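Report on the structure given below.
The values are calculated or read from the model by the stated rules, or taken from the named source; none is laboratory data. All values derive from a computational prediction rather than experimental measurement. In this analysis, Cβ positions are derived from the backbone assuming ideal geometry, glycine residues included, and neighbour counts consider all displayed protein chains.
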């Protein structure tokens with residue numbers, strides 16, 4: 001059965017955790033104080049995406065033998081829900097009498113329109129009889145976090161150094177008996193920009209080629225976060241060299257598909273009619289290659305799609321353009337967003353994956369979902385993943401890009417067979433436990 005490597009190679013002990021050793025030591029000391037009966041202030045772990053904040057919280061619960069109660073504050077925005085779910089967990093002991101670790105993940109996701117959620121969390125961290133940890137990417141931008149910050153100990157987690165990520169990737173390759181070039185892993189580690197989860201997911205994606213080389217690594221987009229889409233648009237549409245466009249593209253805070261949609265929408269606003277026609281011609285070529293990817297299932301063509309739709313489109317202009325342009329959000333995305341059924345299916349898929357790998361649904365949508373969709377191009381992997389996560393027909397169809405119903409049914413049937421085989425293996429063990 002296919003298993004995500006982010007889950008398979010998650011740290012099992014304190015010493016396994018990669019990077020941020022000072023933060024790990026602080027959490028360990030904090031947890032040991034709670035274990036001795038000395039209550040401590042709740043902790044907020046904050047820092048860039050992918051450096052292990054949620055993983056560290058889960059590891060803490062595992063090492064201390066605590067029950068983990070996880071809640072995503074961006075999904076629970078009302079006072080009543082927070083008090084009902086997290087409030088009860090914060091006051092009592094677990095089923096076996098041990099402490100519970102209350103994890104409030106991504107608290108910076110609280111929206112302006114939340115109905116008392118921030119106040120409820122502030123009260124929760126004040127009254128809790130169990131240890132509480134919170135995670136956030138940025139704890140200072142959202143003003144709603146001010147009363148929450150005041151009641152917590154703040155621990156900053158930095159991006160993980162690429163030599164540490166390189167060592168982990170090498171360890172995984174050796175464990176998976178996967179051929180690799182050290183220079184390729186070095187490049188992959190650097191390109192991850194300190195995001196361990198992203199590096200592992202990229203490695204698993206590349207593993208299907210059978211050999212991790214520098215050339216295969218270069219097929220992946222370089223990961224660099226933080227650049228606002230509006231700044232990226234200005235840099236791309238006014239660039240003078242291909243490398244400038246590529247550097248801008250990899251710094252975008254949206255994926256390539258969304259970036260192409262932005263470019264297509266805003267080229268007519270930036271360029272004159274003649275240059276718009278030239279740029280649109282390059283975009284149409286990119287669309288041709290995108291179709292070939294789906295038809296041939298050869299993702300090596302992705303590099304041509306990205307360059308044609310960004311660098312070639314931008315540099316096909318005949319002159320330079322200056323001045324400020326009010327860039328527009330892609331209209332067709334707004335139209336697609338009206339399809340509530342598709343959104344609901346995607347959300348359902350992400351939640352099912354999130355439960356299994358102990359991540360938030362939002363994080364799954366950004367990181368694991370693209371890999372899952374890639375794995376679904378292989379029927380055996382599709383069946384294994386369907387059995388693992390319990391996908392239904394609509395979800396399988398979504399992950400297959402709405403292929404024929406026969407394909408969907410075959411995968412569902414194969415998944416049921418896998419479940420049946422696993423059940424047969426477990427039954428004797430269960431009978432032995434009952435007799436004991």
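Summary table below
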item: Selected residue [part of a helix (DSSP H, G or I) and within 27 Å of residue 378 (Cβ to Cβ)] from 125, 174, 148, 121; result: 174
item: Subset tally (residues that are surrounded by 19 or more Cβ atoms within 10 Å (Cβ to Cβ) and under 20 Å from the mean Cα position of the chain (by Cα)) for region 134-158; result: 5
item: Count of region 1-33 residues which are touching a residue at least 60 places away in the same chain (Cβ under 8 Å), part of a helix (DSSP H, G or I), in contact with a helix residue (DSSP H, G or I) (Cβ under 8 Å, 6 or more places away or on another chain) and surrounded by 18 or more Cβ atoms within 10 Å (Cβ to Cβ); result: 5
item: Hits in region 47-88 - residues which are at pLDDT 80 or above, more than 19 Å from residue 367 (Cα to Cα) and not in a helix (DSSP H, G or I); result: 65, 66, 67, 68, 69, 70
item: Subset tally (residues that are touching a strand residue (DSSP E or B) at 6+ places or on another chain (Cβ under 8 Å) and part of a loop (DSSP other than H, G, I, E, B)) for region 34-46; result: 3
